[in-house]
Each structure stands twice: as C-alpha cells, then as structure tokens.
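S.K.: Below is the structure I would like to discuss, written out as structure tokens.
The values are calculated or read from the model by the stated rules, or taken from the named source; none is laboratory data. Given the structure is predicted, the values throughout are model-derived calculations rather than measurements. No Cβ is skipped: glycine too gets one built from the backbone with ideal geometry, and neighbour counts run over all protein chains shown.
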Amino acid sequence: MADRRNFLKLVAVGGSAVFASGLKINAIAADAKSGAAYEDFYFVQLSDTHWGYSGPANPDASNTLKKAVATVNALENPPDFIVFTGDLTHTTDDPKERRRRLSEFREIAAGLKVKNVRFMPGEHDASLDWGAAYKEQFGETFYTFDHKGVHFIALDNVSDPGASIGEAQLAWLKGNLAKLPKNAPIVVLTHRPLFDLAAKWDWATRDGDKAIEILMPYPNVTVFYGHIHQENHHMTGHIAHHSAKSLIFPLPAPGSQEKRTPLPWDPATPNRGLGFREVEAEPVKAEYQIQEFPVTKA
C-alpha cells in the first residue's frame, strides 16, 4: 500500500486502464476540538455479483465471483474490511433456490482472507420476500458500524418491492444521526442510488429524497452504492454519491437507450466493465482519485 496521504482514494478495479487525477468531489473534515482519534484505513467495496445468473451477458458467470475473491486475496496489503453492496445473488421466484444461491454465495465469500466482511441485500436478494431469506443467512438488512473515526450507515432501499426505504427506517436514520456531532465523518452504503438517476430503469429510491434531506445538515457525508453496474459520480448539494461496477456484467449509461439490457459479452475482453473498488480513507480530509485495473485472477 502506498503511504497514506490526506485524502480518500477510490480505486475502482475494472476492465480498463484509465487514470483521473485530482478529482475533488467532497471533503470530510474532522473537528480537532472534539478530541476524536482518527486513523487512516482502506476498505474494499464489491457489488452486484448476481450469483446464480446464467445467460449470454456473462458465459463465465460461474467463475466471475471466484475470480474476484482471488483478486482481492492477492492484494499486497489487505483492507481493513470488505463490503458487498447488494445483489449478492440473481433473482429467482423459487424460495428454495433463493436460499440455495444465498448459501452458495456465502460459502464462496468465506474464501476471502479478510474476515471482516459486511453484507447488504439488493432487490434480487430481498424484494420478493421482504428480505426474509437474506436475513436467515446474513442478519439485519440495515445497520451501522464505526471504524477508526468514521461512522458507516447501511440503508435498505431494496426489501420493499416498491423501492422505498420506509418511514420506520427513515426515523431510525434520523435518530441515529442525532447522536452524532454535526461534523462527524459519515459514509452511507446503499444498493440503489438515493437520487433519481434513471427512474424508468428503477435507478432511484422512491423516498430517497427524504433520506438525503435527513443527511443534508451533516456536512461530511459520502454515499457508496451499487445497482447500476458501472462507475458514476453525482452530487446532491455537498453530498457525493459514487456507484460501483458490477462483478457479473456491465449495463449501459443511464437513460442512453430504451431498456437497461446488459452490454454484449465480448470474449476478447471478458472483464470489460467489471470490477471492484478500493476506498482509502484519511478522515481529516477527503479528495478522490480514481484508477482502473483489470481483474486478472484465473
């Protein structure tokens, strides 16, 4: 790992080799007067593995997740923790098959050398049974945790088939934030985007604006999400939103065509558009640099 600097560094590991330096998106500032002890760290975000998918968009679907696990395990310096931001499995109407896929996913993920792994559901995992099968395997669908001075909030905007967070969870979010100092470094993890990116493609959260309104008084909030199978960066006021690539197949740019059909599989570049992300955090200050690398593990 490179020496720590005073910024958050995002490294989205995918199928190209593009480097964008100095992309300043948001700042997370620690209050020196608060006496909080902050340490730099980094974590890995993986998303949209869709275990159980079978189709032309990825003929190698039975191996892609395993390759991602091998790639993360080969990192020179292990991350502090790993988070999967939803769609762990591909949807199925069969409750027995849904549970089998969730179990198989968990077994493969158990091969990660880093054992501090956090999970979240996507609509493929949870929307057909309000998260019942997911909870059997992974526990609650929304929760918080703290890591080296940063407060993490995992929101569930997928268990409701109507793509809402819901009033009860919004009240929980408001109550949780009320316990924090206004300048606390906060990272929100979701599956769907909280803002309306492409509503006709289900790339939105019906009451996401209410969550953003609750978060808005806190100046140091960053959101990481999945769902759209590509890298995207967006601002709502001072809040930066960053989507992660998928580990199964890429999807087209938001609203660029009538339907959100997967991009065609190219056997010459099987990892095109696929990847995961490293997030290097120095809570005192936050700048973002994005770099792409191929998934290379067999």
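S.K.: Mind checking whether some residue in the range 190-197 is under 11 Å from L155 (Cβ atoms), of a type in the set (D, E, K, R) and not in a strand (DSSP E or B)?
M.R.: Yes, that holds for at least one residue.
S.K.: Scan the range 99-117 and report the pairs whose first residue is within 10 Å of F81 (Cβ to Cβ) and touching a residue at least 24 places away in the same chain (Cβ under 8 Å) and whose second residue is of a type in the set (A, V, I, L, M) and outside any helix (DSSP H, G or I), with Cβ atoms within less than 6 Å and a gap of 6+ or a chain change.
M.R.: Within 6 Å, the pairs are V114/I82; V117/I82.
S.K.: Among what's in the range 198-217 and is in a loop (DSSP other than H, G, I, E, B) and not aliphatic (A, V, I, L, M), pick the residue that is surrounded by the most Cβ atoms within 10 Å (Cβ to Cβ).
M.R.: Only one residue fits best here, namely T205.
For (1) on the phi < 0 side of the Ramachandran plot; (2) touching a His at 6+ places or on another chain (Cβ under 7 Å), each residue gets a yes or a no:
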residue: N116; (1), (2): yes, no
residue: G149; (1), (2): no, no
residue: E167; (1), (2): yes, no
residue: L170; (1), (2): yes, no
residue: L173; (1), (2): yes, no
residue: L177; (1), (2): yes, no
residue: K182; (1), (2): yes, no
residue: R192; (1), (2): yes, yes
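S.K.: Which one is modelled with the lowest pLDDT, of the residues in the range 150-188 that are touching a strand residue (DSSP E or B) at 6+ places or on another chain (Cβ under 9 Å) and of a type in the set (G, A, S)?
M.R.: Among them, the one singled out is A184.
S.K.: Out of curiosity, is A126 touching a Ser or Thr at 6+ places or on another chain (Cβ under 7 Å), among the hydrophobic types (A, V, I, L, M, F, W, C) and more than 29 Å from E280 (Cα to Cα)?
M.R.: Considered against the rule, which asks whether it is touching a Ser or Thr at 6+ places or on another chain (Cβ under 7 Å), among the hydrophobic types (A, V, I, L, M, F, W, C) and more than 29 Å from E280 (Cα to Cα), A126 comes out as yes.
S.K.: Only one of V18, V83 is on the phi < 0 side of the Ramachandran plot and modelled with pLDDT under 95; which?
M.R.: Matching residue, one of V18, V83: V18.
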